[in-house]
Structures are given as structure tokens and as C-alpha cells.
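All of the numbers you see were taken from the coordinates with simple rules; none came from a lab. On a predicted model such as this, the values are computed, not experimentally measured, just so you know. Here the Cβ positions follow ideal geometry from the backbone for every residue, glycine too, while neighbour counts run over all protein chains shown.
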Amino acid sequence: MIYFDNASTTSVRTEVRRVYGQMLETCYGNPDSLHAAGRQASSLMEKSRSNIASMLHVDPSEIIFTSAASESNTLAIVGYALANEHRGHHVLTSNVEHSSVRHAMEFLKRFGFEVEFLPINEEGIVTPECLKSHMRKDTILVSIMHVNNEMGAINPILELEKIVHQNPTCVFHVDCVQSFSKIDIPFEKLDMATISAHKIHGLKGSAILMKKKKIQLVPIIQGGQQEQGLRGGTENAPTNIVLAKTIRLALEEQSQAYDHVLKINKYLREELAKINGAHIHSPKDAIPYILNISFDQITSEVLLNALDQKEICVSAKSTCSSQNTNASEVLLAMHKSEFDATHGIRLSFSYENTLEEAKYFIETCKEIIENYGLSL
């Protein structure tokens, strides 16, 4: 099997699986319990928190363990808006965010918040000029992803951050799920940031929200003192403990993995350019881990099924939106045609992929187009 769907989820590293298995056997105490087993779990979990904070160059108190990036995004957006509604009711995001961000924004509308969805340009990004033109005195929150999960387009978050922080009542939340351990992230400049373990060869059900000390949030999950009172419920100590190792390994291999994936991306771009009817929708300066393409001769649905028969795993768009309409909202937002939006597929890579797999993908696509594609 060839797995080109790493933006959806990744395999779990052998080292992570091994340590997690050990934790399940030896560290099952409730971290809030006062006995020895509880103290052990709490101590190891806090060591993990401290190690993660050190790697992100933030304070340990600024790391909040959560169950998923969707929870982190919801806590950041809804939690901040409700805790700071006395400052204003205007919130900004882009029109191509992850569904967890989009749904959190729609939820805020029920409480009287005015939400604006900023358009992206043809390169798939929110421009600083666009953000600046929509900022108001009563804007309290801006939430924009670092890397687009369908195109790989990289938002200029340093430039956006400067604009956001010109307003002293406004904070900046960045969904870093597709960028973390792939490109550098200026956590010291961000007020809140989301990271997910299963995108970096870690466990599903494991994520963090980085929030600076000054940030006040209303808890979304009620019920206890856990995580500074921000999410009630017994803490998943084994998962939280192993997250530090997941992050460390990912950051240690960042440069080497990037160079490896870049070669695969470059090869595919060069070979696709030779195929009649092929299009590359990802910008030239997109992150190399994601490549969005299409063929005029075949729709994304037919191509996905044909590739699946050949044991090649790809996506048509973000997995969290895969059950909706066949058209990609991101391609439409980039001013692509409805035709392009129903023909695009997303390839996404990791250090585990090889150039040989990329070569097989190109030959397979040629075969599928010949057998199932329409004549141009």
C-alpha cells in the first residue's frame, strides 16, 4: 500500500507505540489521586508538559493537554470569546478554516458575536492587507490557520500577527496542525496555538492548546480542576506523557524530513507538468508536504476509487469535510472553476514515503486516465 494521505493522519512511530504500551501497564493511576500511583502519573505528566514547553519556548503553565485539535480550536475560540465579550463582539477568521474552527465561529453567532470570514487570494492565503482592512476597535479575536490543509498554502502569520497586535484588545490564535514540525513556528509571537499528535506520527486523541498566561478562557468541558480548570475529566496521563516524546522526535527530524519530502514533491510537479490535462493547484511556495492536483479527464471521485483499487491512498479534500459535497470549497475560494473543484485530489507526504512510490503514482495515474478518463 502507498499512503499519500498524511495530512489526514499519520502512522504511529515505533518508539511512541513502545513507550505508550509501557505507560498503559505501569502508569494507570489517576493524576489527581493522592496515593503513590496517582503521584507517579501526575509527576510524569508534568514532566512531559515541561519538556513540551521547553521545546516550544513557552512556559509550562501555557501548555494545555486536550483530546484533539478540534477541542483545542474550540476551547481557544469559544473559550476566549465568552471570557472576553466585555471587550467586544467582533471576531475574524478565514473562509477556508478547518471545520472545527468554522463550526466554533458559527456557534459564537448564537451569543451575539459578529463573525467575519476573510477571503483568501488565488494563492490560498489571507493577505495582510485583507486582514488590516477588516480589523476594528471591537475585534477581540483573529483565528487563522498557518498552513492550509488542502493546498499547503502558508499564511504569513508574522505579518498577520503584527496587524492583530496593533489592537491591544485583540489576540491571535493559529491552527498549527499542518505546519508543526514541518516549518518553524514563532510561538513566542502567538497568543494561542493548536498542535495535534496524530499529524506528527503520534497518538490519536492527543493534542495541546498553547495559550499565553495573560489569556483568560471559559472552560468548554465542565466538571473539575484538571488543566487549570479548563477541561474537566480524568486526565489521559499515558497519552499526555508520550506526547513529549512524539514532539521531540518530530522536531529532531524536521530538517531531514523536509528535504526528503521536498524531493518527492519536486519530482511529482515535474512529471505532472508532462501529462496532458494535469493541473497543480498548490502554490509554488506551498509547504512540500501537501500537493493538490487534478486531471481534466477524470473527476476526483472516480480517480480516488481507481487509485484505491491500486492500493494508493489519497484524499479529495480535508477528511473532516470528506462526506460533504464533491466540490472543494478551498479551490472555489481560490477562484478556481467548479470543474477544477470537482476534479482535485490532495496528496500529502511524510518521511516514510519514497521516490519510488511517487514514480508508481505517476504511472498509475497515466494508466487510470487511459482506462477511465474522458478524451480531451
Exercise. Would you work out if the chain is rounded, prolate or oblate? Take a ≥ b ≥ c from the square roots of the eigenvalues of the alpha-carbon gyration tensor; rounded if a/c is under 1.5, else prolate when a/b is larger than b/c, oblate otherwise.
Key: oblate
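For segment 1-124, what does the alpha-carbon gyration tensor say about shape, rounded, prolate or oblate, given a ≥ b ≥ c as the root eigenvalues, a/c under 1.5 as rounded, and a/b over b/c as prolate?
Values: a/c = 2.68, a/b = 1.51, b/c = 1.77.
In terms of gyration-tensor shape, oblate.
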Quiz item: With the chain treated as a Gaussian network of Cα nodes joined by springs under 10 Å, which of Asn148, Asn73, Asn167 yields the largest mean-square fluctuation?
Solution: Asn167
Quiz item: Can you give me the pair-distance distribution of segment 76-183, C-alpha pairs, 10 Å bins, whole percents?
Solution: 15, 51, 30, 4
Exercise. Give me the percent of Cα-Cα pairs in segment 162-249 that sit more than 16 Å apart, rounded to a whole number.
Key: 61
Exercise. In debye, nearest 20, what is the charge dipole magnitude of segment 266-376 about its Cα centre with +1 on Lys and Arg Cβ and -1 on Asp and Glu Cβ, if you could check?
Key: 280
Exercise. Step through the residues of segment 299-310 one at a time and calculate ³J(HN,Hα) from phi using the Karplus curve (6.51 cos²θ - 1.76 cosθ + 1.60, θ = phi - 60°), rounding each to whole Hz and writing x for Gly and Pro.
Key: 6, 4, 5, 5, 5, 4, 5, 5, 5, 4, 5, 8
